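Read through the structure below, which is laid out as structure tokens, and then see the notes.
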Amino acid sequence: MVQQYDVVGIGNAIVDVLVHSEETFLDEHGLVKGTMALVDADQAERLYASMGPGLESSGGSAANTLAAIAQLGGRAGFIGRVRNDQLGAIFAHDLRATGASYDTPPAEDGPATARCMILVTPDAQRTMCTFLGASTRLDPEDLDLSMVRRSKVLYLEGYLWDAEPAKRAFLAAAEEVRAHGGEVALSLSDPFCVDRHRDSFLDLVENHVDILFANEHEILSLYATDRFETAVDHVRGHCRLAALTRSEKGSLVLEGERTHIIDPFVLGPLVDTTGAGDSYAAGFLYGYTQGLPAERCGAIGSLCAGQVVTQMGPRSSVDLRELVLRQFSPVTRAA
């Protein structure tokens with residue numbers, strides 16, 4: 001089958017609200033800096049009312065990755081549920097404007113479109129409070145399996161693993177893409193998400209995932225260890241490729257018994273770490289689906305992450321394709 005998409009992602013369809021915040025605000029609201037907390041509709045309304053003015057845009061981890069892949073020149077598609085409300089319309093318009101395909105029908109009833117309030121402290125760390133709303137209602141019936149089977153890589157967002165219907169959708173999509181010659185990539189998303197679902201995440205990684213993305217805290221949580229080297233040894237035997245990010249230390253790309261050490265790119269002052277992991281995954285998967293070596297894929301991911309942390313918000317204000325072309329040799333699409 002001819003594969004129309006480089007990457008199709010499944011994740012939470014969320015509208016992001018980014019706000020500069022002092023640490024005292026986090027303390028007042030009982031928030032742990034640098035983490036993601038789930039809130040209900042009432043909590044979301046109270047927190048939103050207490051925040052200062054912010055930047056609103058379509059978001060969600062996997063959606064941000066797909067938007068960046070589209071900006072890089074890749075063929076990207078996204079599957080995720082919104083409600084037929086104002087935020088749902090904003091999400092769909094913004095994502096399609098990036099060049100990514102998005103055709104999941106909006107829900108006619110049930111919870112409102114999801115939102116994520118992102119509080120950025122002066123040290124550029126982001127603390128997220130997420131109302132998942134309609135995004136949790138994604139189930140196997142929402143899957144566009146024709147899109148899934150036409151993708152080289154299916155990219156799954158760990159945040160969506162909290163909902164049982166979404167788990168079933170994940171596994172159905174993974175079976176579909178593999179049956180048609182594609183591969184499965186997973187982002188672990190958040191250490192607290194991993195803590196909640198360690199056993200099922202381990203099963204997913206060992207039996208369904210070809211490419212794993214995780215930061216240092218997430219991979220330590222997955223293998224319940226405080227030694228990074230121990231986690232590296234475990235994951236090396238569980239999936240074909242693993243990209244492990246370590247903030248200012250750069251990243252490691254594990255390919256069989258080989259370890260590629262990827263240096264970070266420092267492109268300006270650190271402003272906001274929101275979307276750094278999403279951008280890394282985008283650069284990596286873009287390079288991978290163009291047939292580039294794993295080490296170069298990691299370098300492209302590092303470059304994209306290095307750019308997005310110099311600005312507010314998870315989507316680059318700089319043309320990522322031009323950035324990559326300036327840094328590396330021209331990238332050509334694999335046949």
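So the values come out like this:
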item	result
Residue match in region 262-275 (condition: closer than 25 Å to ARG198 by Cα and without any contact (Cβ under 8 Å) to a residue 40 or more places away in the chain)	no
Residues (more than 18 Å from ARG315 (Cα to Cα) and acidic (Asp, Glu)) located in region 71-129	ASP85, ASP103, GLU108, ASP109, ASP123
Which numbered condition ALA124 fails, given (1) out of contact with any helix residue (DSSP H, G or I) (no Cβ under 9 Å at 6 or more places or on another chain); (2) within 14 Å of ASN12 (Cα to Cα); (3) small (Gly, Ala, Ser)	(2)
Among (1) in contact (Cβ under 8 Å) with a residue 60 or more places away in the chain; (2) closer than 23 Å to ARG126 by Cβ; (3) part of a helix (DSSP H, G or I), the one test that GLY313 misses	(3)
Qualifying residue in region 25-41 (condition: small (Gly, Ala, Ser), closer than 30 Å to LEU186 by Cβ, assigned to a helix (DSSP H, G or I) and in contact with an Asp or Glu (Cβ under 7 Å, 6 or more places away or on another chain))	no
ILE69, sole failed condition from (1) of a type outside the set (S, T, N, Q); (2) modelled with pLDDT of 95 or more; (3) in a helix (DSSP H, G or I); (4) more than 21 Å from TYR159 (Cα to Cα)	(4)
Any hit, region 181-198, residues being under 22 Å from ASN12 (Cα atoms), among the hydroxyl-bearing types (Ser, Thr, Tyr) and within 18 Å of the chain's Cα centre (by Cα)	yes
Region 127-164, subset among the acidic types (Asp, Glu) and in a helix (DSSP H, G or I), residue modelled with the lowest pLDDT	ASP162
Candidate set from region 179-214 (those that are farther than 30 Å from SER146 by Cβ and surrounded by fewer than 22 Cβ atoms within 10 Å (Cβ to Cβ)); member that is modelled with the lowest pLDDT	PHE192
Total residues in region 189-243, condition of a type in the set (D, E, K, R) and closer than 21 Å to CYS129 by Cα	4
Verdict on ALA231 being within 25 Å of GLY11 (Cα to Cα) and touching a residue at least 12 places away in the same chain (Cβ under 8 Å)	no
Condition check for ARG198: out of contact with any Leu (no Cβ under 7 Å at 6 or more places or on another chain), more than 29 Å from VAL308 (Cα to Cα) and among the basic types (Lys, Arg)	no
Some residue of region 317-335 being basic (Lys, Arg), part of a helix (DSSP H, G or I) and farther than 20 Å from GLY34 by Cα	yes
Region 282-301 residues that are on the phi > 0 side of the Ramachandran plot, paired with ones that are of a type in the set (A, V, I, L, M, F, W, C) and not in a helix (DSSP H, G or I) (beta carbon under 7 Å, 6 or more apart)	GLY291/ALA334
Residue within region 260-272 that is buried (at least 18 other Cβ atoms within 10 Å of the Cβ) and of a type in the set (Gly, Ala, Ser) present	no
Selection count, region 74-111, where residues are at pLDDT 90 or above and either of a type in the set (Lys, Arg) or more than 30 Å from LEU292 (Cα to Cα) (or both)	20
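This table checks each residue for (1) surrounded by 21 or more Cβ atoms within 10 Å (Cβ to Cβ); (2) in contact (Cβ under 8 Å) with a residue 40 or more places away in the chain.
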site	(1), (2)
ALA62	yes, yes
GLY88	yes, yes
THR104	no, yes
LEU119	yes, yes
PHE131	yes, yes
LEU171	no, no
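The values are calculated or read from the model by the stated rules, or taken from the named source; none is laboratory data. Please read all numbers here as calculations on a predicted model, not as lab measurements. Because the Cβ atoms are built from the backbone with ideal geometry, glycine has one as well, and the counts that use them run over all protein chains shown.
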